[in-house]
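See structure below.
The values are calculated or read from the model by the stated rules, or taken from the named source; none is laboratory data. Here the structure is a predicted model, which is why all the values come from computation and not from measurement. So basically every Cβ, Gly included, is an ideal-geometry build from the backbone, and we count neighbours across all protein chains shown. Surface areas here come from the heavy atoms of the whole protein model, side chains and all, with no ligands, DNA or RNA. Shrake-Rupley method; radii C 1.70, N 1.55, O 1.52, S 1.80 Å.
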Amino acid sequence: MNPVGSDGYEHHPLLDTHVRDIASRGEGVLVAVTHELHSHGMVRIAHIRPASGVEWTTAADNIQAARF
């Protein structure tokens with residue numbers, strides 16, 4: 001896991017780069033990785049913004065660098 005700042009955001013190496021969500025096959029720019037506390041523990045959430053501007057979230061483990 002990557003370091004997490006005092007603001008709760010993870011310093012992910014793919015931030016601000018074009019990524020693919022393997023679960024939905026959607027692509028966009030990774031704008032943040034946050035941590036959410038759930039009943040079964042901490043969950044890492046990736047926030048992705050596509051060209052349309054409508055962001056979505058997915059598990060951080062579901063993202064990979066997009067290939068052109």
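Of the numbered criteria (1) open to solvent by less than 50 Å² (accessible area, probe 1.4 Å); (2) of a type in the set (Val, Ile, Thr); (3) not in a strand (DSSP E or B), the one Val43 fails is (3). Out of Ala32, Ala51, Ala59, which single residue is in contact (Cβ under 8 Å) with a residue 12 or more places away in the chain, buried (at least 16 other Cβ atoms within 10 Å of the Cβ) and out of contact with any Ser or Thr (no Cβ under 7 Å at 6 or more places or on another chain)? None of the others qualify; the one that does is Ala32.
Reported count of residues in segment 20-29, each being open to solvent by 50 Å² or more (accessible area, probe 1.4 Å) and either touching a Ser or Thr at 6+ places or on another chain (Cβ under 8 Å) or part of a loop (DSSP other than H, G, I, E, B) (or both), is 5.
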